[in-house]
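Right, I'll just put the structure down here and ask away after.
No lab work stands behind these numbers, since they all come straight from the coordinates. Note that this is a predicted model, so its numbers are computed, not measured. Cβ placement follows ideal geometry from the backbone for every residue including glycine, while neighbour counts extend to all protein chains displayed.
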């Protein structure tokens, strides 16, 4: 492994039920890993593994069985074609849970919209999930908030009032050292409660075509090149003027009132400007705002860049900024909610001035919130739902996509291709004339197009693909340890996952190290909380490790009142 690349982040601070015989988290694209020829080749199996026999004192028979019921679990995961590594480690962990714990499992493999939608709605027993490593998530606000009782995205129905209080204080605190202490304490609570089984952060593996392009700019995260800094710096070395992204992550919508995952935001940021844009190393940089000033912990003044225009020629004004926040608060956009909830009011303070009044101090307001909230044109969206007869603006079938961003939408008529054209009146300069995003069914075809010159770059490669091209002439291969992570999400409102002891036992039965070696060729960092080791300043390195295996897991279950039958099936007391 290229250790200098691993240190890069640290320096910056349609469903088919497979049943018992086939158990295959912004989904968080899987980076690294080998393709594998089958689940069995990875140590998993399409056959249900055998269950361990329990010691005599732990086995119940006869009439005692009437007091218990079997532990039956449905596990949801994604297709091999979409997320091959996740598909593979789902089988590995299935085998481990069945063999070590004695659970029965019925698994559903599904397409992204269904499985991801179930994750959002908490409609699952177990959902194999992943969080993408956006630059804005270097600050751990989003990851910590994801486990609060009321404010979390994709909450697993976990609730701990002490944790809620810590995260609330963390969000208000402005002293960086104290924030670190609070983040450490919050991670400790999560590690002890295990609302999900935290797994690993896979390295971001990428390939770029260097025969036709030069001056790529890598940004922190797992989608390293799908960002404006890179598109600004990319320089064609021949006649090709359009940069082309190849991959399977793709925006489902370019409606700023309808995003539900990271691919949507990645597409929207091409069309809609934000006041602040995070730079290659994750630090806030001026964008639509040229300056900002924290007047006090609850008041932030922003200076809007002069001369900006919407794609229809209308001027961008401070009133548009004020309208955007009030519109979001009126209609509610759950995916963006945590970024505007603490804004109490917005004032226009001059021809290019805006004041944000916050309901409480929020240390991440500039570096996270203002870097994610898009500016929307009031003259387009004001009254739109009423005019169009919509229940919510997210239903709007936009064909104009009028933003103020660096690109205009030339074509979004297909489900696997979007073409953006550089907006000549934007303040940012580009050597390219267009950006094309092509969706592929798999990474092999995407990488093949990068190698042939039909595409410029591909992200989230498998390790075998990365290893094959890293020494290849005309291809640049990069390996960056990153902060997006994977986890086994357990619905804390459903039995047996509402029992903390079962969750702890499941975590002990989950061999992360083995899966990281088999699936990711070791190009992944093991973690026991929501902050990856690569995010060194915020990561608590002293969390308890759950590596006790079957013996520890079964001891915990037995002490918590679980038993086994003669066939090794895990039983839980009836309610």
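Report the semi-axes of the equivalent ellipsoid for segment 138-214 in whole Å, largest first, where each axis is √(5λ) for an eigenvalue λ of the Cα gyration tensor.
Semi-axis lengths for segment 138-214 are 31, 17, 12 Å.
Sorting 310, 292, 420 on the 10 Å Cβ count, fewest up front, what's the list?
292, 310, 420
Can you tell me which of 259-267, 104-112 comes out highest on packing, and rank the rest after it, using the mean Cβ neighbours within 10 Å?
So the order, starting with the most tightly packed, is 259-267, 104-112.
Please sort 300-308, 450-458 by packing, taking for each peptide the average over its residues of neighbouring beta carbons within 10 angstrom, highest first.
Result, highest mean Cβ count within 10 Å first: 450-458, 300-308.
Here is a further query. Quick check: convex hull of the Cα atoms in segment 78-224, volume per residue, rounded to a whole Å³? Please report the intermediate quantities before stating the final value.
Details: hull volume 22.5 nm³, N = 147.
In segment 78-224, the Cα convex hull volume per residue is 153 Å³.
Now for a separate question. How do 348-355, 499-506 rank on mean C-beta neighbours within 10 Å, highest first? Mind showing how you got there, number by number?
On the way: 348-355: 15.6, 499-506: 21.9.
In decreasing order of mean packing, 348-355, 499-506 become 499-506, 348-355.
Sticking with this structure for a sec: Given the Cα atoms of segment 246-372, and with Rh set as the inverse mean 1/r over their pairs in the Kirkwood sense, what is Rg to Rh to two decimals? If you can, show how the numbers build up before the last one.
Values: Rg = 14.6 Å, Rh = 15.3 Å.
Computed over Cα atoms, the ratio is 0.95.
Across the Cα atoms of segment 233-303, what radius of gyration and what greatest pairwise Cα-Cα distance (Dmax) are found, in Å?
16.3, 52
Only Cα pairs under 8 Å and at least 6 apart count here; give the relative contact order of segment 179-306 as a rounded whole percent.
Numbers: 123 pairs, mean separation 18.7, N = 128.
Normalised by residue count, the contact order of segment 179-306 is 15 percent.
Another question, if that's okay. If I model segment 59-139 as equal point scatterers sitting on the Cα atoms and use the Debye formula, what is log10 I(q)/I(0) at q = 0.16 Å⁻¹?
Ignoring solvent entirely, the Cα scatterers give -0.72.
Two decimals is fine: what's Rg over Rh for segment 390-439, C-alpha atoms, Kirkwood radius as Rh? Provide the component values of the computation, followed by the final result.
Details: Rg = 12.8 Å, Rh = 12.3 Å.
For segment 390-439, the value is 1.04.
Helix-only estimate, please: 222 nm mean residue ellipticity of the chain, summing -39500 (n - 2.57) across DSSP H runs of length 4 or more and dividing by its residues, to the nearest 500.
After summing the helix terms and dividing by residue count, I get -8000 deg cm²/dmol.
Antiparallel as a % of all DSSP beta bridges within the chain, to the nearest 5? Mind showing how you got there, number by number?
Values: 61 of 79 bridges.
Counting only bridges with both partners in the chain, antiparallel ones make up about 75 percent.
If all Cα-Cα distances of segment 136-290 are sorted into 5 Å bins from 0 onward, what percent lands in each bin, rounded to whole numbers?
1, 7, 13, 16, 17, 16, 13, 8, 4, 3, 1, 0
Rank the residues 177, 149 as a footprinting-exposure proxy: fewest other Cβ atoms within 10 Å of their Cβ go first.
177, 149
A follow-up question, please. Fewest to most neighbouring Cβ within 10 Å: what's the order for 311, 508?
311, 508
What is the log10 of I(q)/I(0) for segment 185-226, computed with the Debye formula using one identical point scatterer on each Cα and no solvent, at q = 0.14, 0.17, 0.27 Å⁻¹?
So the normalised log intensities work out to -0.56, -0.65, -0.97.
Translational diffusion coefficient, Stokes-Einstein: compute it for segment 348-461 using the Kirkwood radius over C-alpha pairs as Rh, at 25 °C and 0.890 mPa s, and state it as an integer in µm² s⁻¹.
Once the numbers are plugged in, D ends up at 135 µm²/s.
May I ask you to work out the translational diffusion coefficient for segment 509-575 at 37 °C, viscosity 0.692 mPa s, via Stokes-Einstein with Rh from the Kirkwood sum over Cα pairs, reported in whole µm²/s? Each step should come with its number before you reach the end.
On the way: Rh = 14.6 Å.
For these conditions, the coefficient is 225 µm²/s.
Working from the alpha-carbon coordinates of segment 452-543, get Rg over Rh, Rh being the Kirkwood radius. If you can, show how the numbers build up before the last one.
On the way: Rg = 17.7 Å, Rh = 16.2 Å.
Radius of gyration relative to Kirkwood radius: 1.09.
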